[in-house]
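Please treat every number below as a calculation from the coordinates, not as lab data. Quantities reported herein were computed from a predicted structural model and do not represent experimental measurements. In this analysis, Cβ positions are derived from the backbone assuming ideal geometry, glycine residues included, and neighbour counts consider all displayed protein chains.
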Amino acid sequence: MSKTLPLSRPSFAAAIDALRRDLLHEGGPHISTMRNHRFALLVVEPKDEIALRREVQALSIELERGGWTVLSISLKRLLLDRIQRLGPDWAQWVIETEQALSAYDPARALESVKEALAPLIEGPDGLAADCAQIIQAHAKANPGAADRTLALIGHAGALFPFFRSSALLRHLDGRTGEIPVVLLYPGTRTGDHGLSFMGVLRPDSDYRPRIYSA
């Protein structure tokens, strides 16, 4: 008689389990020792990003069945919305500029795209403002519900190489109504605090939030 082999779990399963335990802590979400700085990063290798989304969706369903609200925020969607508001002429200008430069200087072509997108992504008025608006609107409509709410920020990989997660979290600080925020981070971890976005960019150690990783 053949034996049924146990289903293998992804390498980041322990990180998901640790995040679940800390969110459901009996004293309230415990992803940080500071109530006014409830941020964390869930780090996964880029090749496992799709698998992570499935696991996170399962966690979201579990929390919602337990009476939680999960705010799923897509950085990719927020950026596309910003680009759309600028109109087709702006997008066409960026594309044509990149194509013209790439013919003789690919590095300068990429830099032109970075310069065009930077005001939309970076700083306190960039994507951090859009994330804050969504989270603050929920906090205002549901006072006292911070301990039963989770903001999940994902699709960061779609913004490579124009995005720095440490800056996003820094500009979100003080703008989330004490709602726990978890950023899904595709990259690799170096030491206790160093993270390399997509495993390509130079490791960034500018992180205060707790890091959950395999």
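Pop out the Kirkwood hydrodynamic radius of the range 49-139 from its pairwise C-alpha distances, inverse of mean 1/r, in Å to one decimal. Intermediate results must be reported in sequence, preceding the final value.
Working: mean 1/r = 0.0631 Å⁻¹.
In the range 49-139 this quantity evaluates to 15.8 Å.
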Cross-chain or 8 or more residues apart, Cα under 27 Å: how many lysine pairs in the chain fit that? Count them up, please.
4
Per-residue counts of other Cβ atoms within 10 Å, averaged by peptide: what ranking do you get for 89-96, 40-47, 15-22, highest first?
40-47, 15-22, 89-96
Determine by what factor the alpha-carbon radius of gyration of the range 130-214 differs from 2.2 N^0.38 Å, reporting the quotient.
1.16
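Which order do the peptides 150-161, 64-75 come out in when sorted by mean C-beta neighbours inside 10 angstrom, highest first?
Working: 150-161: 20.1, 64-75: 14.7.
For the peptides 150-161, 64-75, the packing ranking is 150-161, 64-75.
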PRE zone check, label point 7 Å out along Cα-to-Cβ of ASP48, amide N under 13 Å, scope the range 179-214, hits 185-189, 212-214
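Where the eigenvalues come from the Cα gyration tensor of the range 92-140, what are the semi-axes √(5λ) of the equivalent ellipsoid, largest first, in whole Å?
Working from the Cα gyration tensor, I get semi-axes of 33, 9, 6 Å.
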Once every Cα of the chain carries one equal point scatterer and solvent is ignored, give the base-10 log of I(q)/I(0) from the Debye formula at q = 0.10, 0.16 Å⁻¹, two decimals.
-0.49, -1.10
Taking only Cα atoms of the range 88-177, what ratio of Rg to Rh do you get with Rh as the Kirkwood inverse-distance radius?
1.13
With r defined as the distance between the Cβ atoms of TYR104 and ALA137 and R0 fixed at 45 Å, what FRET efficiency is calculated, to the nearest 0.05?
0.45
